[in-house]
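Worksheet for the structure shown next.
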Amino acid sequence: MKTLLLAFALQLSPALALAESPAGAVKVCADPDPPPWTYWVRDARGQKTERFEGASVDMVRTIFKRLGKEVEFIGSVPWVRCLKLVETGEIDYAMDAYADPERARRFAYSAHYNTLTPQVFFRADTPLNIRTIADLKHYRGCGMIGASYAHYGLDPRDLDLGVTTYDAMIRKLKAGRCDFFVEELEVISGYRFLGRDYIGDAAMRHAPVADARAPAKHLIAARVSEAARLLAKFDRELATLIKSGEAAEIWQRHAPGLPYKP
C-alpha cells in the first residue's frame, strides 16, 4: 500500500485536489459510497478514515505500476461528478463502471476485471413474484442517482431515484416507499463486513433475476483521450493478472468468502 500515492483532499475542493496531482500520475475516481469492503476503510464507529483500499484499488494500482505509472485515487467527488470529470478529461479514469449503451457513447472501456451476480431485493412481508426482468415492470422499484440499471432492462425513468447511498435505498424499501430494488448479491452481502447483515435481515428477501445480464466492472476513460489509448496496455496486464491467479488472490484479501468471478 505504501507504494500507492493517495490524495484524498477531503477538506479541499475537487478542483484544488486535481491541481495538486503529482507529475506523471494517472488520476482515478470512484464512487464515494461503494460496496463496503472496498475503498474507504472505516473506523470502529463506522466513520470513513483516510485509508482508501480494496480489491479494485489493488488491481488497478498493480497494473499501472507494471506500466510504470503512479496512481492518484480521488474519492472525494460524487459518482455523477466523477463521470463528468472523466468525460471532460480533468480526471483520467473512473473505476468499477458498468457498461451500458448510453455510457458507451461517451467512454472507452477496459476489459472487465470482476463480474457480479444480479439480484432483486424486497420486503419479507410483501413477497413479489419476480423471476425475469419483465416482471420488474409490474412493481415500483427504487434506485440510486447515477447508477446503471440497463443490465436489468430498466431505464432510470422506470425507478424512483433520489438517494445516493445503499443504506438510504434499503431504508426507503423498508419504509414501503417502493416494492423492490435491484443490486448485485456481492454488493449487499459485503455489508456484513461493516456489521450490517442485510442478507440475513429477517425483514428482507432476495432472489435471482434469471435473464438479467451479469454486470462487470470496467475502468473507463473519455473516448478520445490519452487515457483511452492506454487501455490496450492495461488490458494486456489485466489478462496476465487474471490468468496467473493474482487477481483472485487480491479479491480474497478484501472479500473473504465471496467467490471471485472475472
Take Tyr139 and decide whether it is touching a strand residue (DSSP E or B) at 6+ places or on another chain (Cβ under 9 Å), aromatic (Phe, Trp, Tyr) and at pLDDT below 95.
no
Can you tell me which residue among Ala104, Ala30 is modelled with pLDDT of 75 or more, hydrophobic (A, V, I, L, M, F, W, C) and either open to solvent by less than 10 Å² (accessible area, probe 1.4 Å) or not assigned by the TED database to the domain that holds Ile242 (or both)?
Ala30
Enumeration of residues in segment 97-122 that are in a helix (DSSP H, G or I) and either aromatic (Phe, Trp, Tyr) or in contact (Cβ under 8 Å) with a residue 60 or more places away in the chain (or both)
Arg103
Candidates Arg213, Arg223, filtered to the one that is charged (D, E, K, R) and more than 27 Å from Gly190 (Cα to Cα)
Arg223
Residue pairs, Cβ under 7 Å, 6 or more apart or interchain, first in segment 125-144 and over 11 Å from Asp211 (Cβ atoms), second of a type in the set (S, T, N, Q). List them.
Met144/Thr164
It is to be established whether one or more residues within segment 193-205 are outside the structural domain of Cys82 (by the TED database), under 21 Å from Asn114 (Cβ atoms), open to solvent by 70 Å² or more (accessible area, probe 1.4 Å) and not polar (S, T, N, Q).
yes
Go through (1) farther than 24 Å from Val28 by Cα; (2) in contact with a Ser or Thr (Cβ under 9 Å, 6 or more places away or on another chain); (3) open to solvent by 40 Å² or more (accessible area, probe 1.4 Å) one by one and return the number of the condition Gly176 breaks.
(3)
All positions within segment 211-237 that are farther than 18 Å from Arg103 by Cα, surrounded by fewer than 18 Cβ atoms within 10 Å (Cβ to Cβ) and of a type in the set (A, V, I, L, M)
Ala232
Verdict on Glu249 being in contact (Cβ under 8 Å) with a residue 40 or more places away in the chain, over 30 Å from Thr132 (Cβ atoms) and of a type in the set (D, E, K, R):
no
Would you say Met169 is surrounded by 20 or more Cβ atoms within 10 Å (Cβ to Cβ), in contact (Cβ under 8 Å) with a residue 24 or more places away in the chain and more than 29 Å from Ala248 (Cα to Cα)?
yes
Please enumerate the residues belonging to segment 127-136 that are farther than 28 Å from Tyr260 by Cβ, open to solvent by 50 Å² or more (accessible area, probe 1.4 Å) and in a loop (DSSP other than H, G, I, E, B).
Pro127, Asn129
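The values are calculated or read from the model by the stated rules, or taken from the named source; none is laboratory data. Worth saying up front: this structure is predicted, and the values here are computed from it rather than measured. All Cβ positions, even for glycine, are placed from backbone atoms using ideal geometry, and neighbour counts span all protein chains on display. Only protein heavy atoms, including side chains, enter the accessible area calculation; ligands, DNA and RNA are left aside. Shrake-Rupley method; radii C 1.70, N 1.55, O 1.52, S 1.80 Å.
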